[in-house]
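Participant: Questions regarding the structure given below will be posed in turn.
Read the figures in this text as sums done on the coordinates, not as results from a lab. This is a predicted model, so every value here is computed, not measured. We place every Cβ from the backbone using ideal geometry, glycine too, and count neighbours over all the protein chains shown.
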Amino acid sequence: MTLHSATLAVNETLRARQAAGERVLHLGFGEAGLPVPESVTRTLARSARLNGYAPVAGSPEAREAAAGWFGRRGTQTRPEQVIFAPGSKALLFALLAALPGDVVLPRPAWVSYAAQTALVGKRAIGVPIPAATGGVPDPDLLDGALRAARAEGADPRTLVLTVPDNPTGTVARDEQLRAVCETAERHGLAVIADEIYAELCHTGRAPSPHRHLPERTVITSGLSKSMAVGGWRIGFARVPEGDWGRSLLAELTGIASEVWSGIAAPMQAVAAHVLADPPDVLEHVDRARALHARVAAAVHAEFAAAGARCRAPEGGFYLYPDFEPLRSALEAQGIGKSAELSRALLERHGIGVLPGEVFGDAPEALRFRVATSLLYGERDDERWQTLASDDPVSLPWIRTALEHLRSGLAELTGGA
Ligand code: PLP
C-alpha cells in the first residue's frame with residue numbers, strides 16, 4: 001500500500017515540473033480535463049446559499065433524480081436504494097469496510113481498491129485479467145483463484161469489477177461478466193460494480209454485472225468523469241432491492257454519518273440537476289465521449305507504431321501499453337521493470353505515466369497506464385474549442401502533444 005495514492009501523487013509531481021517550466025507531457029492522471037456546461041455552473045451558483053447540513057444519504061431531490069437516471073439506463077431503482085457521498089471513492093471505502101470478508105480484484109485494477117482493502121484490514125486477492133479486456137478477472141481463472149485463496153486461509157466474499165475499466169481503457173464483454181457473476185454467486189460473493197466510466201463507453205451502452213447478479217450487486221458511480229467535476233466530489237451508489245440491500249444501505253449511511261455527514265448541500269442540487277438528464281447535459285456528455293474516444297485512438301496509434309502491444313481503447317480515457325515486444329532494446333538501456341520504464345519516460349523523454357506496478361501488475365512487466373484526458377488544453381477556452389472541434393487531433397495543443405509522444409517513443413525504442 002502506498003501512503004499517498006500513486007495517481008494523485010504523480011499528478012502533483014508532474015504539475016510541479018510543468019510549473020517549473022519543464023516540458024512535460026502529462027499522461028499520468030485520470031482527470032477529465034473538460035469544462036463544465038453553463039446550466040451546471042448556474043445551478044451551483046444558485047445553490048451557494050444552501051449552507052445547512054443536508055440529509056446524510058442525499059437530498060430527496062438528488063436521490064429521486066439518481067433513481068430516474070438509473071431507470072432510464074435500464075436499471076429500475078427507487079430513491080431509497082441510492083446513497084450519495086463526496087466522490088465514489090468514499091463509497092467504495094465504506095463498502096469495503098461494511099461488506100464482510102476479503103476482496104477479489106482484477107489484476108491490474110484501479111489503484112485505490114487494494115489500498116482501501118488494506119486500510120480496512122482485509123486481504124486483496126488479485127486475479128489476472130483476460131487478454132482482451134480489463135476490469136474483470138479472467139473467467140477461466142476465478143474459480144481456481146477463489147479455491148486457492150480459501151486453501152491459504154483467506155475468506156473471499158466481495159468481488160470488484162470495473163466497467164469500463166481504468167487502467168486498461170477497455171469494456172468487459174457481457175459473456176465475461178455473466179461468467180464471473182455465476183462464479184461469484186456459486187461462491188457466495190457480493191459484487192461491487194464500479195461503473196464510474198459507464199457514460200463514457202465508446203461503443204454504445206456498457207454491459208453491467210448487475211444484470212447477471214441483481215440481488216447481490218452494488219453499483220457505484222459519480223459525476224467526476226462524465227461531467228469532469230472530480231473536484232466537486234459527487235459520487236453515488238445503488239444497492240439492490242431486498243433485505244440485503246436495505247441493511248447494506250443502512251450500514252453505509254451509518255458510516256457516512258460518522259465520517260463525512262453527507263455531500264455538500266450545493267452539490268446535492270448539482271446532482272439533482274445533472275441526473276435529471278437535461279438535453280444540454282446529455283449533449284455535453286455525448287461530445288465528451290466522442291472526444292475521449294478520438295484522442296485515445298490517436299494516442300493508441302502512437303504506441304502501436306512504436307511497437308508496443310496495446311488493447312484498443314473502448315471506454316473512458318486510458319490505455320495500458322505493454323512494451324514486452326521491445327524488451328531487449330529496453331534492457332540494453334537498463335530498463336527491465338515497469339517502474340524503470342516509467343522513470344525513463346519521464347526523466348529522459350518528458351512523458352509522465354503511471355507504472356503498471358501501482359495497479360497491482362507484476363513489477364517486471366513492461367506495462368504502464370496512460371491517461372489521455374489532460375491533452376485537451378490548459379485553459380477553459382482551449383478546452384471548449386477542443387470539445388466543439390470535429391477534428392480535435394489537429395488542434396495545435398493536441399498535435400504538439402502527439403508529436404512529443406511520437407518523438408519520445410522513437411528515442412526510447414531507438415526508432416525500432
Ligand atoms: N473508480 C475508478 C475506476 C476511478 O478511476 C476513479 C477515479 O479516478 C474513482 C473510482 C473515484 O472517483 P471519484 O471518487 O471522483 O468518484
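Participant: Can you put Phe70, Phe29, Phe317 in order, fewest other beta carbons within 10 Å first? Can you show the working numbers first?
Facilitator: Details: Phe70 23, Phe29 20, Phe317 32.
Exposure proxy ranking, most exposed first: Phe29, Phe70, Phe317.
Participant: Please compute the volume of the convex hull spanned by the alpha-carbon atoms of the chain and report it per residue in Å³. Mind showing how you got there, number by number?
Facilitator: Values: hull volume 56.8 nm³, N = 416.
So the per-residue hull volume is 137 Å³.
Participant: Please arrange Trp384, Trp260 by how many other C-beta atoms lie within 10 Å of their C-beta, fewest to most.
Facilitator: Values: Trp384 14, Trp260 17.
By the 10 Å Cβ count, ascending, the order reads Trp384, Trp260.
Participant: Within straight cross-link reach of Lys122, meaning Cα distance under 24 Å, which lysines are found once same-chain residues fewer than 8 apart are removed?
Facilitator: Lys89
Participant: If you don't mind, there's one more thing I want to ask. Taking the Cα centre of the chain as the origin and placing charges on Cβ (Lys, Arg +1; Asp, Glu -1), which of Ile192, Thr400, Pro321 is farthest toward the positive end of the dipole?
Facilitator: Comparing the listed Cα positions along the dipole, Ile192 ranks first.
Participant: Next up: Explain nothing, just the number: dipole magnitude of the chain about its Cα centre with +1 on each Lys and Arg Cβ and -1 on each Asp and Glu Cβ, in debye rounded to the nearest 20. If you can, show how the numbers build up before the last one.
Facilitator: Values: 42 positive and 48 negative charges, 67 e Å.
For this selection, approximately 320 debye.
Participant: Right, next: Residues with amide H under 5 Å of Arg107's amide H, sequence separation 5 or more or different chain, H placed in the peptide plane at 1.01 Å from N; which?
Facilitator: Here the answer is Val127, Ile129, since their amide H atoms fall under 5 Å of that of Arg107.
Participant: Oh, and also: Kindly provide the Kirkwood hydrodynamic radius of the stretch 312-387 in Å, to one decimal, from all pairs of distinct alpha carbon atoms. Walk me through the intermediate numbers first.
Facilitator: Details: mean 1/r = 0.0732 Å⁻¹.
Evaluated on the stretch 312-387, it is 13.7 Å.
Participant: For the chain, what's the relative contact order in percent, using C-alpha pairs closer than 8 Å and at least 6 residues apart? Numbers along the way, then the final one.
Facilitator: Details: 871 pairs, mean separation 92.7, N = 416.
RCO, the chain: 22 percent.
Participant: Dipole magnitude of the stretch 47-276 about its Cα centre, charges +1 at Lys/Arg Cβ and -1 at Asp/Glu Cβ only, in debye to the nearest 20?
Facilitator: Numbers: 22 positive and 22 negative charges, 76 e Å.
Value, rounded to 20: 360 debye.
Participant: Now a separate question. Would you list Asp165, Asp391, Asp143, Asp361 from fewest to most Cβ contacts within 10 Å?
Facilitator: Asp391, Asp143, Asp361, Asp165
Participant: Mind ranking 135-142, 402-409 by how tightly packed they are, going by the mean number of other C-beta atoms within 10 angstrom, highest first?
Facilitator: Numbers: 135-142: 23.4, 402-409: 17.8.
In decreasing order of mean packing, 135-142, 402-409 become 135-142, 402-409.
Participant: Moving to a separate point now. Could you give the dipole magnitude of the stretch 361-410 about its Cα centre, charging the beta-carbon of Lys and Arg +1 and that of Asp and Glu -1, in debye to the nearest 20? Let's see the in-between values first.
Facilitator: Numbers: 6 positive and 9 negative charges, 34 e Å.
Using Cβ point charges on Lys, Arg, Asp and Glu, the stretch 361-410 gives about 160 debye.
Participant: May I pose another question? So what is the 222 nm mean residue ellipticity for the chain from helices alone, if each DSSP H run of at least 4 adds -39500 (n - 2.57) and you divide by all residues, rounding to the nearest 500 deg cm²/dmol? Each step should come with its number before you reach the end.
Facilitator: Values: 14 runs with 180 residues, N = 416.
For the chain, the value works out to -13500 deg cm²/dmol.
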